[in-house]
Ligand SMILES: [Zn+2]
């Protein structure tokens with residue numbers, strides 16, 4: 001795995017598979033960040049990565065980029081890791097026909113079944129944050 005690929009996921013909740021087969025889960029962090037000034041084990045080594053519990057507690061070993069076989073963003077995140085939004089969207093296109101109901105007096109009316117006959121197709125395999133528009137995780141097919 002390339003360093004840039006891995007660092008795209010810094011601070012995200014991820015699942016990492018290491019070269020020895022271990023699969024570890026947590027928030028991806030990098031050594032040497034100011035947050036870890038008080039912990040020499042996490043502050044002094046260079047270009048090492050580790051996972052935390054979301055706070056400052058390290059829950060994995062230190063590993064190098066070259067140790068990472070695979071990285072996945074956790075689909076069970078409860079909110080956007082960047083802005084905290086609890087909503088995300090998926091990109092779709094659709095086609096279909098519908099009856100759009102309009103009242104003679106111009107007031108709003110029910111159009112709940114508007115999409116019943118439409119067929120949707122995902123146009124992106126990722127979920128995106130509704131607020132900050134960052135890419136969040138890969139969808140299942
Ligand atoms: Zn967001």
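Bear in mind that the values in this text are calculations on the coordinates, not laboratory data. Model, not experiment: these values are computed from the prediction.
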The chain: spread of alpha-carbon positions along the three principal axes, whole Å, largest first, is 72, 29, 20
I need the Debye-formula profile for the stretch 88-138: one equal scatterer per C-alpha, no solvent, reported as log10 I(q)/I(0) at q = 0.14, 0.18 1/Å, two decimals.
-0.56, -0.74
Would you look at the GNM of the chain, springs on alpha carbons closer than 10 Å, and say which of 123, 109, 52 moves the most?
109
If you scale each eigenvalue of the Cα gyration tensor by 5 and take the root, what three semi-axes come out for the stretch 3-73, rounded to whole angstrom and sorted largest first?
18, 12, 11
Determine the principal axes of the Cα atoms in the stretch 35-118, then give the extent along each, sorted from largest to smallest and rounded to whole angstroms.
72, 27, 17
